[in-house]
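The values are calculated or read from the model by the stated rules, or taken from the named source; none is laboratory data. All values reported here derive from a predicted model rather than from experimental measurement. No Cβ is skipped: glycine too gets one built from the backbone with ideal geometry, and neighbour counts run over all protein chains shown. Accessible surface areas use protein heavy atoms only, side chains included; no ligands, DNA or RNA. Shrake-Rupley method; radii C 1.70, N 1.55, O 1.52, S 1.80 Å.
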Amino acid sequence: MAKAFKPQIISANDLYVGDVVYMNSGGGWTRKLAEAAIAHDAGDAEKLLQRAVPQQGKVVGPYLADVALDDDGRPFPTHFREKFRTRGPSIRPDLGKQAIYPERHEPLAARGGI
Amino acid sequence: MPIITDTGFAPDDAPDLIEADDLPETGERLTIMLPNDADPSALSPAFNRITLIVVPFPNAADGRGFSIAKRLRGLGYRGHLRAQGHLITDQYPFARQCGFDDVQIDSALAARMPEELWLRAKTRAIPPFLRRA
Amino acid sequence: MYRYDEFDHDYVRSRVAEFRDQTQRRIDGALTEDEYKPLRLMNGLYLQLHAYMLRVAIPYGTLNSRQMRTLAMIAERWDEGYGHFTTRQNIQYNWTKLTDVGDILDALADVEMHAIQTSGNCIRNVTADHFAGAAADEIEDPRPTAELVRQWSTAHPEFAYLPRKFKVAVTGSPNDRAVTKAHDIGLRMLRNEAGEPGFEVIVGGGMGRTPMIGKVIRDFLPKDHLLPYLESILRVYNLHGRRDNKYKARIKILVHETGLEEMQAQVEAEFARQMREEGGPVVSPNPEHIAQIAAYFAPPDFAKLPAQSAKLTKAIATDPALAAWVENNTADHRASGYTIVTISMKGMGDAPGDATTAQMRVMADLGERYSHDELRISHEQNVILPHVKLDDLPEIHAALQKAGLAAANAGLITDIIACPGLDYCALATARSIPVAQDLSQRFAEPARAKAIGNFTIKISGCINACGHHHVGHVGILGLEKSGIESYQITLGGDHTETLAIGERAGPGMTAEEVGPAIERLVDAYLDVRDSDDERFIDTFRRLGADPFKAAIYPENNCAAA
Ligand code: HEM
Ligand code: SF4
C-alpha cells in the first residue's frame with residue numbers, strides 16, 4: 001500500500017554562509033521556511049529537486065524534507081532534526097535562525113500534519 | 001584523453017596496453033595496465049622488459065594508485081609510470097611525488113580543468129618533510 | 001615548544017593560498033562540490049547543520065599563550081565568541097563563513113597553527129598525553145615523536161586519499177592518558193631489556209559503530225624505525241583497506257577481517273622491503289633534524305623548590321573551595337614544588353569543552369604568567385597548565401574563579417565528555433549537550449560528587465562515538481527511535497591502559513529519563529561498593545552489570561536474575 005504523501009520542501013545550506021536555506025517557487029532561495037515552495041505530490045517533489053540540484057553555485061546538498069502545514073498552509077518541520085535546522089542550537093537561543101527570525105519559535109502546528 | 005606532464009597538456013600517445021595478468025613470457029618494450037588492486041611485485045621479474053605501466057584511478061577519492069606507484073618504485077621499476085583516470089589538479093603533485101611520470105585524464109575532465117590549472121598545481125609548495133629529507 | 005622553520009612557514013602559507021584558490025574554483029564552477037569537499041575537509045572545514053564549522057589542530061594538545069590568544073581573537077572576530085575543545089585536541093568554531101576561512105587560516109599561520117588534516121580520509125592531527133613533559137610517571141616525552149609523525153604525515157603524497165580517516169596517538173607513560181588503544185595506531189614509548197628506547201605499536205583500535213580495542217602488532221620497535229614502520233602499516237592499509245563500504249573502511253576492520261597475524265606478516269614484509277631499499281628507507285629523517293625537534297621540547301628551567309609549599313598549605317586551611325580544587329584538579333609533576341593544573345571546562349550547566357573568548361584570554365594569561373607559557377588541551381576537553389609552582393596555586397585559583405573556570409571536578413562525575421550532537425552536528429541522531437548539562441546539574445553538589453569519586457560519563461550524539469561513550473564508565477549514546485531522541489546507556493567502559501568497551505545496559509530511554517536513571521545507578525553503586533575507595537569501575541568489575549542494570553530499569557527487577 002502506498003503511503004500517503006507528506007508535503008515536502010527543498011532545504012539546503014547556503015554555499016557562502018553555510019546557513020539553512022529553502023527553495024522558493026521561483027527556484028530561488030530564501031532563509032524563511034514560510035516562503036518555501038511546497039510539493040504536494042511525489043511528481044512535484046521530484047520537479048523541485050531537479051530544479052535545485054544543478055544550483056551548485058549557490059547551495060550545497062539540496063534535499064527534500066517533510067513538512068506539516070498549519071491552517072494557513074504554512075510549512076513547519078516535522079522531524080526533530082529539521083526543527084533544529086530551522087531554529088538553531090537548542091542550548092543557545094541567542095544564535096542561529098531563532099535569533100534572527102523569532103517567529104520560528106512557533107511550535108509545530110499539530111493540525112494538518114501527518 | 002590528454003596527458004598531463006610538467007610542461008602542460010600533451011596528445012594521447014595511445015599505446016596498446018596488456019593487462020598485468022596476461023603478461024607474456026617473452027617480448028620487450030611491453031606496455032602494461034596494472035589494476036589498482038593487483039600486486040605490483042608480480043611484475044618485478046619483468047621490469048626490464050616493460051617501458052610503461054599505467055595505473056587506473058577510478059575516482060578522485062581512491063588513493064590506492066599512489067601506494068602502487070611507491071611500491072613499484074621501491075621494487076626498482078625505472079620505466080615510465082602513468083596515472084590514468086579521475087585525478088584532479090590538486091593530486092598532480094602527489095602523483096609526481098609518488099613516482100608517476102605523468103597523468104592522463106579524459107576530455108570532459110580536461111575541459112573543466114584546463115591546462116593552466118594543472119600547471120599551477122605543479123608549483124604548489126612541497127611538504128616540509130620532503131624538503132628536509 | 002616546537003617552532004616552525006622556514007619550510008613549515010612556507011608550507012602553511014602556501015596551503016592557505018591553495019585553499020583560497022580551491023574555494024575560488026568551487027565558486028567559479030571548476031570544481032564540483034564532490035571534488036571540493038575532500039579538499040575543504042583536508043583543511044578542516046565541514047558544513048554542519050547551521051553553518052560551516054572549522055576544526056583547528058592543536059598538535060599533541062600543546063600551545064602557548066600567544067596561540068591561545070589568537071584562538072580567542074578568531075572566536076571574537078569571525079565566530080560567535082566561543083570555541084569548542086574536542087576529544088582529539090582540536091578546537092572547533094561553529095559559525096564560520098566560507099568566505100572568511102582564508103583569513104582565519106592566515107591568522108592561524110601567523111602563530112604557527114593550521115587546520116590541515118583535521119578532517120578527511122588522511123592522517124589526522126596526532127594526539128598525545130596532555131601531561132607530556134610534566135607527568136611524574138613519564139618514561140619519555142611523547143611530543144618529539146608526535147611532532148615527527150605530524151611532519152611526516154603532513155601532505156604525505158601517498159596517504160592523502162586513504163580508505164578512511166586515520167588517527168595516531170602517542171603516550172610516554174605507562175598510565176595511558178592518550179587512549180592509545182582506541183586509535184588506528186597507538187604508540188607507547190618504552191625501553192627494551194638493553195635500555196634502548198622504542199615503541200610498542202598498537203593497531204586497529206577505534207570507536208564508532210564497531211568499537212575495537214587495538215592489538216599489539218609489534219611489541220618493540222626501535223625508535224629509529226618508526227617512520228618506515230608507520231609507512232608500511234599505512235601502505236598495507238591504503239592498498240587493502242575496504243573502499244566498498246564506508247562503515248567498514250577503517251583499519252580496525254582490515255585487521256579484524258585479515259587477522260592480526262596475517263596483517264603483521266604483510267606489514268613486516270613491506271617494512272623489510274623498505275629497509276632493504278638502496279640507501280635505506282627513504283622516509284628516515286636525518287638525525288640532526290630529530291635532535292633539533294627534541295631540543296624544542298627540552299624541559300623548562302624549573303626552580304629548585306621544596307616538595308611542599310607552606311604558602312599553599314596555609315591558604316588551603318582557610319579556603320575550602322581552594323582545597324577542593326587543589327585536591328581534584330592538580331596532578332603530580334616530575335619537578336619538586338611543581339604541579340599540573342587541570343582547568344575544568346565543565347562548570348555546572350556548561351556545554352562541555354566550550355570556552356568563550358574571555359575565558360581563553362584568561363587562560364592564556366595564566367599560562368604565560370604561571371606555566372612557562374604553555375597550555376595543553378586534554379582529550380577530556382579540559383585545558384591544562386602543565387608547569388605550575390605549588391606556591392602560585394592560590395592566585396591561579398582566584399583568577400579562575402573570576403572567569404567562571406574554577407570547577408573543582410576533574411575526574412569526577414561532572415567532568416563529562418560530550419560531543420556537539422544535534423545542536424550542531426549534521427551527522428547527529430540526537431542531542432548530547434543538554435544531557436550533559438542536566439547531569440552536571442544533578443551532581444553539582446561538591447560533597448556528593450566527592451563521595452562518588454572517580455567516575456566518567458561520556459556522551460555521543462550518534463553512533464560515530466566522537467564523545468567516547470564506548471569507553472566511559474557510563475556511556476550515553478543518543479539515537480533516533482520512532483521520530484524522537486532516544487538514549488542508550490552502556491556500562492563498564494574504561495579509557496585508560498586497561499581499555500574496555502562498555503556493555504549495553506538495556507533499551508533506550510528518553511532524554512528526561514536519563515538523569516533519573518543515572519541517579520539511581522549512582523545510588524546503587526554507593527550502596528554496594530565495599531569501601532569509599534572502590535571506584536565505580538572497580539565495583540562494576542567485581543559485581544558485574546546486573547545490580548546496575550536493575551537500578552537503571554527498576555521495573556525489570558525480577559527479570560534481572
Ligand atoms: C561536529 C562534526 C563532527 C563530525 C562530522 C564527526 C564525524 C565523525 C565520524 C563519521 C566518526 C566515525 C568514524 C568511523 O567510525 O569511521 C567520528 C569518530 C570520532 N570523532 Fe568525530 N565528528 C565530529 C566532531 C567531533 C568532535 C567534536 C570530536 C571531539 C569531541 C570528535 C572526535 C571523534 C572521535 C574521538 C571519534 C572516535 C574515534 C574513531 O573511531 O575515529 N569528532 N567522527
Ligand atoms: S558522535 Fe555523532 S553527533 Fe557527535 S560529533 Fe560525532 S558525528 Fe556528530
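Summary table
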quantity	calculated
Length-normalised contact order of chain B in % [C-alpha pairs under 8 Å, at least 6 apart]	25
Shielding by other protein chains, C:420-427, mean Cβ within 10 Å	4
Average partner coverage of B:62-75, which counts Cβ from other chains inside 10 Å	6
Protein-only accessible surface order, largest first, of B:K122, C:K181, C:K304, C:K450 at 1.4 Å	C:K304, C:K450, B:K122, C:K181
Selected from A:I100, A:I91, A:I38 as most flexible by GNM, with chain A as the system and alpha-carbon contacts under 10 Å	A:I91
The protein assembly as shown, dipole about Cα centre (Lys/Arg Cβ +1, Asp/Glu Cβ -1), debye to the nearest 20	720
Excluding exposed DSSP-loop GluC sites (Glu not before Pro) (at most 13 other C-beta within 10 Å), longest clean stretch of chain B	B:29-133
Relative contact order computed over segment C:6-110 (Cα-Cα under 8 Å; 6+ residues apart), in percent	28
Net charge contributed by nearby residues that have their C-beta within less than 11 Å of B:R131 (K/R +1, D/E -1)	-3
Global form of segment C:328-452, assessed from the alpha-carbon gyration tensor, a/c cut-off 1.5	prolate
Out-of-range pairs (alpha-carbon distance over 28 Å; input A:K6/A:K32; C:K311/C:K402; C:K97/C:K458; C:K248/C:K549; C:K389/C:K450)	C:K97/C:K458; C:K248/C:K549
GNM top mover of B:G27, B:G76, B:G99 - chain B, alpha-carbon springs below 10 Å	B:G27
C:K311-B:R132 pseudo-label distance in nm [points 7 Å out on the Cα-to-Cβ vector]	3.9
Helical contribution to [θ] at 222 nm, DSSP H n ≥ 4, -39,500 (n - 2.57), averaged over chain C, rounded to 500	-11500 deg cm²/dmol
Residues whose placed amide H lies under 5 Å from that of B:Q104, excluding near-sequence neighbours	B:I4, B:A83, B:Q84, B:G85
Local electrostatic count, C:G502, Cβ distance below 13 Å [Lys/Arg +1, Asp/Glu -1]	+2
Net dipole in debye of segment C:77-213 [+1 Lys, Arg Cβ; -1 Asp, Glu Cβ; about Cα centre; nearest 20]	640
Dipole in debye (nearest 20) - segment C:417-556, about Cα centre, beta carbon charges: Lys, Arg +1; Asp, Glu -1	200
Solvent exposure, largest accessible area first (probe 1.4 Å, DNA, RNA and ligands not counted), of B:M33, B:M1	B:M1, B:M33
Chymotrypsin sites (Phe, Trp or Tyr not before Pro), loop per DSSP, at most 16 other Cβ atoms within 10 Å - longest free stretch of chain A	A:17-114
Label point distance in nm, C:D365-B:A42, each placed 7 Å from Cα along Cα→Cβ	6.8
At q = 0.14, 0.17 Å⁻¹, base-10 log of I(q)/I(0) for segment A:8-103 (Debye sum, equal scatterers on each alpha carbon)	-0.48, -0.71
Relative contact order [Cα under 8 Å, 6+ residues apart], chain C, whole percent	12
For C:94-100, mean number of other protein chain Cβ atoms within 10 Å	4
Residue of B:T26, B:T51, B:T89 that the Gaussian network model of chain B assigns the largest fluctuation, springs spanning Cα pairs under 10 Å	B:T26
Segment C:541-546 - phi-based ³J(HN,Hα) in whole Hz, Karplus 6.51/-1.76/1.60, Gly and Pro as x	5, 6, 9, x, 7, 3
Leading residue at positive end of dipole, the protein assembly as shown (Cβ point charges), from C:W95, C:I123, C:H473	C:W95
Segment C:E193-C:A265, extension gain: residue separation times 0.36 nm, minus the distance between their alpha carbons	23.5 nm
Extreme residue, positive dipole direction of chain C, given options C:S232, C:S440, C:Y424 (C-beta unit charges)	C:Y424
Potential lengthening between C:D219 and C:A291 on full extension [0.36 nm per residue; Cα-Cα distance subtracted]	23.4 nm
In order through segment C:323-339: 3J(HN,Hα) via Karplus (6.51 cos²θ - 1.76 cosθ + 1.60), integer Hz, x for Gly, Pro	4, 5, 5, 4, 5, 8, 9, 10, 9, 5, 9, 6, 9, 4, x, 10, 8
Inter-site label distance for A:D71 and C:D137 at 7 Å from Cα along Cβ, in nm	6.6
Residues C:N454 and B:K122, FRET efficiency given R0 of 41 Å [Cβ-Cβ distance, rounded to 0.05]	0.15
Gain in span if fully extended, C:R541 to C:D28, counting 0.36 nm per residue against the direct Cα distance	178.7 nm
Listing of segment A:5-34 residues, each with accessible area lower by at least 50 Å² in the full protein assembly than in the chain alone (probe 1.4 Å)	A:L15, A:Y16, A:V17
Lys/Arg +1, Asp/Glu -1 at C-beta; segment C:310-402 dipole; positive extreme among C:G337, C:A399, C:V326	C:G337
